[in-house]
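Read the structure below first, then the notes.
We did not get these values from a lab; they are worked out from the coordinates using the rules stated. Bear in mind that the values here come from a model prediction, so they are computed numbers and not experimental data. So basically every Cβ, Gly included, is an ideal-geometry build from the backbone, and we count neighbours across all protein chains shown.
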Amino acid sequence: MHLSKAVLLSLGELDGAIVSPYVIGLILWRLYRGREFRGESLGLGKVHPEKKDVTRAIDQLAKAGVLDAVGAVVSPRMYALLGRTALQPAEIVCSADPFCYVSHLSAMEHHGLTDRLPAVLHITRPAPRAWSQFARERMRGDYGEDYEMALKAGMPSLARPVFAKKIGGRTVIEFNSLHLGAFRTVRGSPLRVATLGRTYLDMLEQPGLCGGMWHVLTVFRSHASANLATIVDEVERHGKAIDKVRAGYILEEFCGLAHPIFREWVRLAARGGSRRLDPKEEYRPNYSARWCLSLNVDFLDDPDA
């Protein structure tokens, strides 16, 4: 079998619709090292490919119309596969970045927690240094014992994508984390979305990325009762003390819900402190005596709200 046919068939076996030079380089490496594909010899002379072989393969595939550059990714150059279904903006970023997922207001939209139609796409991914570490671990896993050899041969590295400011008319807003985060993959799609519990925790930690604290409060009031166990589990396991205090106030006093864990969370309330319900707004004298929390949100000024 000719190498070009083996590469084309290998691309057809991929689940995603977007490929990077790293993926194409990995395919070539495995073909060269395996010496055959689907039981047929590839008749290769070299024991492994080099950087120029990857460049040549990409050029040939692009000229044949199999690959088409994806404008949504500024760097490194990535390619859409011929015949694959057109992707939505969220699917594009998740296909291009293996450690990225949809979060905040965009995740709220996915989970049916908001009726807003965001003009933005909120994504979360590891900060650059952490991303590089995850990438090295992924590359070591992909290349196995050949990792060092592949680096010396100039195989493309797994690189952190730089996205266009707008994708499909939606402004991309990126939140960087030190961790991979809690997300789930949508079946039959490249889409990864923050779990329901993590989405609620994000509302407490970064309400500004979730439509503002006023919108967060309305979402909790409308949906927290049905999702109480999920919210409590996420906040208890992964929330900081201030997250538990905010969650306790919102769930107990604002939403009128009850849970045994509130007795533990209220002990974290700091007497005489200046903790605020909305972390981005100034302190106000209106406060919750039980939760020692400044209720610095305009929505709460209306007693009938």
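The mean sequence distance of close C-alpha pairs (under 8 Å, at least 6 residues apart), as a share of the length of the range 76-144, puts its relative contact order at 25 percent.
Charges were assigned to the Cβ only: +1 to each Lys and Arg, -1 to each Asp and Glu. The resulting dipole of the range 1-136 about its Cα centre is roughly 600 debye. Simple point charges give the picture: +1 on the Cβ of Lys and Arg, -1 on the Cβ of Asp and Glu, and for the chain a dipole about the Cα centre of about 900 debye.
Placing dummy labels 7 Å off each Cα toward the beta-carbon, the span from residue 229 to residue 136 is 4.2 nm. Just how far, in whole angstrom, is the range 198-233 from the range 47-119 if you go by their alpha carbon centroids? If we compute the Cα centre of each part, the gap is 30 Å. For the range 149-236, trypsin sites (Lys or Arg not before Pro) are listed when DSSP marks them as loop and at most 11 other Cβ atoms sit within 10 Å of their Cβ; the list is 165, 187.
Spin-label model, residue 238 to residue 282: label points 7 Å out along the Cα-to-beta-carbon direction sit 3.5 nm apart. In percent, rounded to a whole number, the relative contact order of the range 1-55 is 41, using alpha-carbon pairs under 8 Å and six or more apart. Normalising the average separation of contacting C-alpha pairs (under 8 angstrom, six or more residues apart) by the number of residues puts the relative contact order of the range 56-203 at 30 percent. Helix-only estimate, please: 222 nm mean residue ellipticity of the chain, summing -39500 (n - 2.57) across DSSP H runs of length 4 or more and dividing by its residues, to the nearest 500. Estimated from H runs of four or more residues: -11500 deg cm²/dmol. With point charges of +1 on the Cβ of Lys and Arg and -1 on the Cβ of Asp and Glu, referenced to the Cα centre of the chain, which listed residue (64, 195, 112) lies farthest in the positive direction of the dipole? Working it through, the farthest residue towards the positive pole turns out to be 64.
In terms of the mean number of neighbouring beta-carbon atoms within 10 Å, the peptides 92-99, 131-138 order highest first as 92-99, 131-138. Counting only Cβ charges, +1 for Lys and Arg and -1 for Asp and Glu, the dipole size of the range 56-194 around its Cα centre is about 200 debye. Once Kirkwood radius over Cα pairs in Å is worked out from the coordinates, which option in [x] 19.5; [y] 20.3; [z] 22.0 does it equal? Derived directly from the coordinates: [z].
Rounded, prolate or oblate, given the Cα gyration tensor of the range 215-305, with a/c below 1.5 counting as rounded? Because a/c hits 1.5 or more and a/b fails to exceed b/c, the range 215-305 counts as oblate.
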